[in-house]
Amino acid sequence: MIKKVLIANRGEIAVRILRACKDLGVQTVAIHSTADADAMHVRLADESVCVGPPHPRESYLNVPSVISAACVSGADAIHPGFGFLSENATFSHMVEEHGLIFIGPKADHIAMMGDKIMAKKTFARLGLPTVPGSEGAVTNINKAIKMADEIGYPVLVKAAGGGGGRGMKVAHSRFEFTEAYETARREAGIAFGNDRVYLEKYLGQPRHIEFQIMADQFGNAVHLGERDCSLQRRNQKVWEEARSLVLTPEFRDNFGKKIAEATAQFGYLGVGTLEFLYENEKLYFIEMNTRIQVEHPITEVITGIDIVREQILIAGGSKLSVSQNDVSFRGHAIECRINAENSDTFIPSAGTITNYHCPGGPGIRVDSSLYDGCKVPPYYDSLIAKLIVHANDREQCLARMRRALGEYVIEGIDTLIPLHMKLANNPDIIAGNFDIHFLERLNRED
Ligand code: ADP
């Protein structure tokens, strides 16, 4: 059993993890940069350690500082949250070498899934359908052109080490291909230190559908159904729903079980998400995330399962507290990501929150680290809060979302609240009529 957790993160996810620890009676240690000395996660933790200056490289990504903070504070485990060090296999290995528990999967599974080519190969071997494309990395422009012709345009050039919606270039014809290929390779080399790329058919109207899974060290694995995360800007999600409107209960059950079995088969440990694109009534695997996801709360509210609690318990050596038969779904949930960004231009916004009022009432959950007078520093990801709404059905959920967005006051910086209000009133969204390109189209029309 884990007794003390160091949370190697900041913002709303650090607060979320703190809450799970407190509910379990586990002690908490926050880390922070000098820019975050007054942050909510620092205030709520039992102890805190400053790990460096504002720039993430010097603080939240500073491995020696983070591991030293865990050792001096007597923590027995590190929870990485998402982003920062959460998918860094070397970090997780170092954590274990220091006699600490890394709350996440084994280092070799992080490495395996961090390489998208390897991830696709692994799940294809385990019987899951993948997006049609090159078998592995393409290293030679002539072979790449031949391969792209075979796949058929439009073709997507993707970085093996890509993430966060970056490292993708689309070519609509052979004429555009060489540039897309060279640019993707160059950018991937700079951004991810790995210039291996592969090709995928660029799907025209897919939905992004992902399955949540949890697995323990005793070979038990369950799925918690799916989320539809099609509403994205620059390949990054802004609005998520559970469950999706497109899978039948039978399809969900069968496919979910297949995924859970596949993850159990390769000995996966902890929580994870398998991401798919859905087109023509078929799901195609694109990647696996080996960490807690931003959008996990919508699954929590419809299943009643605290995924972060399970994650901590599994890492401490416990069995999953639920079997597949215990998992059921109630109602509909939507999450709106409240980013500190301009709603029209998506330009990040930093500053001091001069007035803060959080929505409440039936079916509303807000995961945030905000308070009146708090600072939103310019150095970090723009996600500052998540508004999660739950209701008996989707129609009531949308009505509640409109009510909650109307109540939410965040002054002093720009946020995505106006965009979400527009989406919650949009006839196509209300009708459930959208795919991953919906937001781009909406922006073009405006
Ligand atoms: P990341 O790791 O950067 O999140 P993903 O592979 O998960 O990258 O893809 C992110 C998003 O990019 C998807 O949700 C989807 O919107 C878009 N995308 C990825 N692959 C394709 C594809 N083959 N066709 C069309 N869109 C795609």
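The values are calculated or read from the model by the stated rules, or taken from the named source; none is laboratory data. On a predicted model such as this, the values are computed, not experimentally measured, just so you know. Counting neighbours? That spans all protein chains shown, and the Cβs are built from the backbone with ideal geometry, glycine included. Only protein heavy atoms, including side chains, enter the accessible area calculation; ligands, DNA and RNA are left aside. Shrake-Rupley method; radii C 1.70, N 1.55, O 1.52, S 1.80 Å.
Key figures for this structure:
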| item | result |
| --- | --- |
| Subset of segment 20-60 (residues that are farther than 21 Å from residue 376 by Cα and in a helix (DSSP H, G or I)) | 20, 21, 22, 23, 24 |
| Pair list, Cβ under 6 Å, 6 or more apart: segment 411-434 residue on the phi < 0 side of the Ramachandran plot, other residue hydroxyl-bearing (Ser, Thr, Tyr) and open to solvent by less than 80 Å² (accessible area, probe 1.4 Å) | 413/349; 414/349; 416/343; 417/408; 418/343; 419/343; 434/230 |
| Lone qualifier among 360, 373 - being assigned to a loop (DSSP other than H, G, I, E, B), at positive phi and surrounded by fewer than 15 Cβ atoms within 10 Å (Cβ to Cβ) | 373 |
| All helices (runs of 4 or more DSSP H) inside segment 97-170 with 1 or more residues being at negative phi and within 18 Å of the chain's Cα centre (by Cα) | 107-114, 116-125 |
| The lone exception for residue 188 - which of (1) assigned to a helix (DSSP H, G or I); (2) open to solvent by 10 Å² or more (accessible area, probe 1.4 Å); (3) within 20 Å of residue 288 (Cβ to Cβ) it fails | (2) |
| Failed criterion for residue 34 (all others in (1) in contact with a strand residue (DSSP E or B) (Cβ under 9 Å, 6 or more places away or on another chain); (2) crowded, with 20+ Cβ neighbours inside 10 Å hold) | (2) |
| Every pair of residues 6+ apart whose Cβ atoms lie under 8 Å, when the first sits in segment 389-403 and is without any contact (Cβ under 8 Å) to a residue 12 or more places away in the chain and not assigned by TED's automatic domain parsing to the domain that holds residue 332 while the second is open to solvent by 10 Å² or more (accessible area, probe 1.4 Å) and not aromatic (Phe, Trp, Tyr) | none |
| Of residues in segment 72-89 being closer than 18 Å to residue 111 by Cβ and without any contact (Cβ under 8 Å) to a residue 40 or more places away in the chain, the one least open to solvent (accessible area, probe 1.4 Å) | 89 |
| Any hit, segment 266-280, residues being in the same structural domain as residue 391 (by TED's automatic domain parsing), without any contact (Cβ under 8 Å) to a residue 60 or more places away in the chain and either within 27 Å of residue 403 (Cβ to Cβ) or not small (Gly, Ala, Ser) (or both) | yes |
